[in-house]
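Quick notes on the structure that follows.
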Amino acid sequence: MELVINNIDKKYPNGVHALHDVSLTIQKGMFGLLGPNGAGKSSLMRTLATLQDVDSGSAHLGGIDILNDKASLRKVLGYLPQEFGVYPRTSAIDLLDHLALLKGFDNKSERNQIVGELLVKVNLWEHRKNAVSSYSGGMRQRFGIAQCLIGNPKLVIVDEPTAGLDPGERNRFYNILSEIGENVIVILSTHIVQDVRELCTQMAIMDKGKVLFSGNTDEALEQIKGRVWEKKIDKHALAQYQTDYKVISNKLVGGNPLIHVFSDSDPSSGFTRAEENLEDVFFAKIHELV
Ligand code: ADP
């Protein structure tokens, strides 16, 4: 089953053009939708989750017309929104049971089985009797995944799931996501390059409502191969380098900036070839260098 999005366009009433002729084809597995804040990722995710309409375009999941047959899509959708809202003082097991009931699982023993399996899957079984409101950020996100998997969805959408998680929690979350990505379409919307690098083979880069790249991560790296150079510079020199070179990124290493610049040929002046990474592709695309 494929998810095919064709020429989706969306303007909000305030005039923001959030989605600009967006087309994507997404296969089974983990798909990373990478873009800075404001790129339009959530607008696209909410559209696919049937929570908002667009001005034009179409989206199909297999034979389901997502924009015109919302009820059918909802039966096969698992959605973890960016803002999950208020977390009640109810225990995880009771809340998940309630959510399974809302999804139509009327039979109590079947529900017990589903809820139990999901809590084990997301490593929350030991904490099942604790209130969700008392959970850490990472536990809440894992609970979010459990609720989103009720009913074996074919399309799973997770919107900015790792923002605010510490490295340990992020890793636990990655492990769970990569397991479910084996059999369904999982779209992971994120501004964190590491999320995509660690989890996804297929990806798209979005900015200002437009898709700037779509393909597999190797193809993305291929686009900048051999054209990324690095140099450790004095922090006071950064502004000058930014004027003289196409600086893709800079990060502090031991207090001084290590800059990556984009150049077809060796810029010399102490630069060395850098091993290109997804972050370079991301910034090169966003800054319209490739
Ligand atoms: P992202 O998820 O990549 O951060 P969003 O889809 O949330 O991007 O936002 C894309 C643009 O649309 C931003 O400029 C944002 O301010 C604007 N936007 C998002 N939701 C609304 C809304 N309901 N009304 C008006 N503007 C919105």
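The values are calculated or read from the model by the stated rules, or taken from the named source; none is laboratory data. All values reported here derive from a predicted model rather than from experimental measurement. Virtual Cβ from ideal backbone geometry, glycine too; neighbours counted across all protein chains shown. Remember, those area values only see protein heavy atoms, side chains included, never the ligands or the DNA or RNA. Shrake-Rupley method; radii C 1.70, N 1.55, O 1.52, S 1.80 Å.
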Flag for residue 259 being crowded, with 22+ Cβ neighbours inside 10 Å, more than 16 Å from the ligand (Cβ to nearest atom) and in a strand (DSSP E or B):
yes
What pairs come out if I take residues in region 21-40 that are closer than 18 Å to residue 56 by Cα and pair them with residues that are within 11 Å of the ligand (Cβ to nearest atom) and of a type outside the set (Lys, Arg) whose C-beta lies under 6 Å away, six or more apart or interchain?
40/18; 40/19; 40/206; 40/209
So if I check each of 46, 89, 74, which one is out of contact with any Gly (no Cβ under 9 Å at 6 or more places or on another chain), of a type in the set (Lys, Arg) and within 9 Å of the ligand (Cβ to nearest atom)?
46
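Just wondering, is there one or more residues in region 231-248 that are assigned by TED's automatic domain parsing to the domain that holds residue 10, surrounded by fewer than 19 Cβ atoms within 10 Å (Cβ to Cβ) and part of a helix (DSSP H, G or I)? Show your work before the answer.
From region 231-248, those assigned by TED's automatic domain parsing to the domain that holds residue 10 are none; that's our starting set.
Scanning region 231-248, I find no residue that is assigned by TED's automatic domain parsing to the domain that holds residue 10, surrounded by fewer than 19 Cβ atoms within 10 Å (Cβ to Cβ) and part of a helix (DSSP H, G or I), so the answer is no.
Find the residue count for region 147-169, including only residues that are more than 16 Å from the ligand (Cβ to nearest atom) and either open to solvent by 40 Å² or more (accessible area, probe 1.4 Å) or basic (Lys, Arg) (or both). Walk me through how you get there before you give the answer.
Applying the first criterion (more than 16 Å from the ligand (Cβ to nearest atom)) to region 147-169 yields 147-156, 165-169.
Okay, now just the ones that are also either open to solvent by 40 Å² or more (accessible area, probe 1.4 Å) or basic (Lys, Arg) (or both), so 152, 154, 166-167.
Residues in region 147-169 being more than 16 Å from the ligand (Cβ to nearest atom) and either open to solvent by 40 Å² or more (accessible area, probe 1.4 Å) or basic (Lys, Arg) (or both): 4 in total.
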Neighbours by Cβ (under 7 Å, 6+ apart or cross-chain): first from region 259-284, assigned by TED's automatic domain parsing to the domain that holds residue 238 and of a type in the set (Lys, Arg); second assigned to a strand (DSSP E or B) and open to solvent by less than 30 Å² (accessible area, probe 1.4 Å)
273/229
Hey, which of the strands (runs of 3 or more DSSP E) in region 2-88, taking only ones fully inside, have at least 2 residues that are among the charged types (D, E, K, R) and over 18 Å from residue 180 (Cβ atoms)?
3-11
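Answer yes or no: is there a residue in region 262-273 that is in contact with an Asp or Glu (Cβ under 7 Å, 6 or more places away or on another chain), modelled with pLDDT of 95 or more, over 30 Å from residue 12 (Cβ atoms) and not in a strand (DSSP E or B). Reasoning before the result, please.
Just the residues of region 262-273 that are in contact with an Asp or Glu (Cβ under 7 Å, 6 or more places away or on another chain), to begin with: 271-272.
Those left that are additionally modelled with pLDDT of 95 or more: 271-272.
Pick out the ones that are also over 30 Å from residue 12 (Cβ atoms) and you get 271-272.
Adding the requirement that they be not in a strand (DSSP E or B) leaves 271.
Yes, because at least one residue in region 262-273 is in contact with an Asp or Glu (Cβ under 7 Å, 6 or more places away or on another chain), modelled with pLDDT of 95 or more, over 30 Å from residue 12 (Cβ atoms) and not in a strand (DSSP E or B).
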Go over the candidates 253, 228, 184, 211 one by one and state the one that is over 17 Å from the mean Cα position of the chain (by Cα) and either closer than 27 Å to residue 28 by Cα or surrounded by fewer than 19 Cβ atoms within 10 Å (Cβ to Cβ) (or both).
253
Look through 142, 172 and report the one residue that is away from the ligand (no atom under 16 Å from the Cβ), part of a helix (DSSP H, G or I), open to solvent by 30 Å² or more (accessible area, probe 1.4 Å) and over 25 Å from residue 4 (Cα atoms).
172
Give the residues of region 1-40 that are open to solvent by less than 70 Å² (accessible area, probe 1.4 Å), within 15 Å of the ligand (Cβ to nearest atom) and among the β-branched types (Val, Ile, Thr), sorted by residue number.
5, 8, 22
